[in-house]
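Some notes on the structure that comes next.
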Amino acid sequence: MTADKSRHSLGWMAGAAIFWFLSGGLVVAGLSSIIPSIFEVPDGAREQTELKASACARQLLNLRAELFEQLAAELERAQQPSPALDTDEADWLSHWEQRRRKLSYSCPESMSAGTAELDRIRHGLEGLLRRFRKDQEESVRDLHVLIDIHRAGNRKDNAPASTASRQ
C-alpha cells in the first residue's frame, strides 16, 4: 500500500505541476496582451515625437552646414598675411555652441547620438583650424612675402622707360 501511495503522490505531483504550468502560461499570455494596450503611447504622441525628431535632424544639419561654412571662412582668413586673432573664432564658436546646447535640450532622446556626433565634428574642426594657424601661419606669411617681392620685381621690369630712368 505504501508503493501505491507513493505512485499516487508522484502522479498527483506531476498533474499539479502541469496544471500550474498551464495556468501560469495563460496568465502570462493574458497579461502580455493587456499590458501593452494599457501602457502604449497614443498615436498622437508618437507622431509628435517623430515630428520633433525630424525638426531636430534638420536643425542638426543646419548647424553642421554652418560649422563647415564658418570653418571655410576662418581658413580663408587664416591665409591672409596677418590673420585675425582667435577672437572672431571664439565669438562664432561660442554662439554656435549655445545654439547647439539649446537644440540638444529640445531634441528627443533618440537624437542624442546625432548631437554627440556633431560635438565630435565641432571639436575636430576646431583642432584642425588651430593646428593650421599654428603650423602654417609662418608659411603663409613667407609665401605672401615672396609674392610681394616677385610683384615688386615685375613692376620694375615692366615699368616705362621714363619711370625706370628716374629710379
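Quick look at the values:
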quantity	calculated
Residue ID - modelled with the highest pLDDT, chosen from residues in segment 90-145 that are surrounded by 14 or more Cβ atoms within 10 Å (Cβ to Cβ) and among the hydroxyl-bearing types (Ser, Thr, Tyr)	Thr115
Hits in segment 23-78 (condition: at pLDDT below 75 and of a type in the set (Asp, Glu))	Glu40, Asp43, Glu47
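The values are calculated or read from the model by the stated rules, or taken from the named source; none is laboratory data. Owing to the predicted nature of the structure, the values given are computational and were not obtained by experimental measurement. Positions of Cβ are backbone-derived with ideal geometry, glycine not excepted, and every protein chain shown enters the neighbour counts.
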